[in-house]
Amino acid sequence: MHAYPTKLELAPDSYLVISWSDGTRRRYRFGELRDICPCATCREKRNAPPPSPLELRILSPQEAQPLRINGMQPVGNYAYSIAFSDGHDTGIFTLELLRSVGEEVAS
Ligand SMILES: [Zn+2]
């Protein structure tokens, strides 16, 4: 039997808190979730060689803002897609992945 989310909350200070059916709660930093985004584009980016330190990347106005989660949609009964405030919403976060990251908090 797999645990599934019973409650999703956006806490202040850039955290998503998920209550699970087995009674545990885990919290996730928005940036942590963004960094592990499992979509093909992000996986490719993470595997690419680091850019030259002499090359300045220009941040888009959205990227310059503190990262937020604008919404989460269930995908089947095994995952959630997360819409981030930087405009990225193609990542499918499986429940298995969400159980393996973040940190447990007292309920
Ligand atoms: Zn992605």
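Table for the structure above
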item	result
Relative contact order of the chain, pairs being alpha-carbon contacts under 8 Å that are 6 or more residues apart, as %	26 percent
Segment 53-107, relative contact order [Cα under 8 Å, separation at least 6], %	24 percent
Solvent-accessible area per residue for the chain (1.4 angstrom probe, square angstrom)	68 Å²
Sulfur and carbon atoms: percent of accessible area, the chain [1.4 Å]	53 percent
Highest-MSF residue in the chain out of 36, 69, 82 [GNM, Cα springs under 10 Å]	36
Residue-by-residue Karplus 3J(HN,Hα) for segment 89-95, coefficients 6.51, -1.76, 1.60, Hz, glycine and proline x	9, 9, x, 9, 9, 5, 4
Among 46, 25, 68: highest mean-square fluctuation, GNM of the chain, C-alpha pairs under 10 Å	46
Fraction in percent of alpha-carbon pairs per bin - 5 Å, segment 16-107	3, 12, 20, 23, 20, 11, 7, 3, 2, 0
Cβ-based net charge around residue 4, under 15 Å, with every Lys or Arg adding one and every Asp or Glu removing one	+2
Around residue 15: net Lys/Arg minus Asp/Glu count, Cβ-Cβ under 15 Å	+1
Choice from 48, 79, 40 showing the highest fluctuation, given a GNM over the chain with Cα pairs closer than 10 Å	48
Dipole moment magnitude, nearest 20 debye, the chain about Cα centre, only Lys, Arg, Asp, Glu C-beta charged	60 debye
Heavy-atom SASA rank of 7, 45 (probe 1.4 Å, accessible area, largest first)	45, 7
Segment 16-107: GluC sites (Glu not before Pro) in DSSP loop, at most 11 other beta carbons within 10 Å	55
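The values are calculated or read from the model by the stated rules, or taken from the named source; none is laboratory data. Keep in mind that what you see is a predicted model, and the values were worked out from it rather than measured. Counting neighbours? That spans all protein chains shown, and the Cβs are built from the backbone with ideal geometry, glycine included. Protein only, heavy atoms only, side chains kept; ligands, DNA and RNA dropped before computing areas. Shrake-Rupley method; radii C 1.70, N 1.55, O 1.52, S 1.80 Å.
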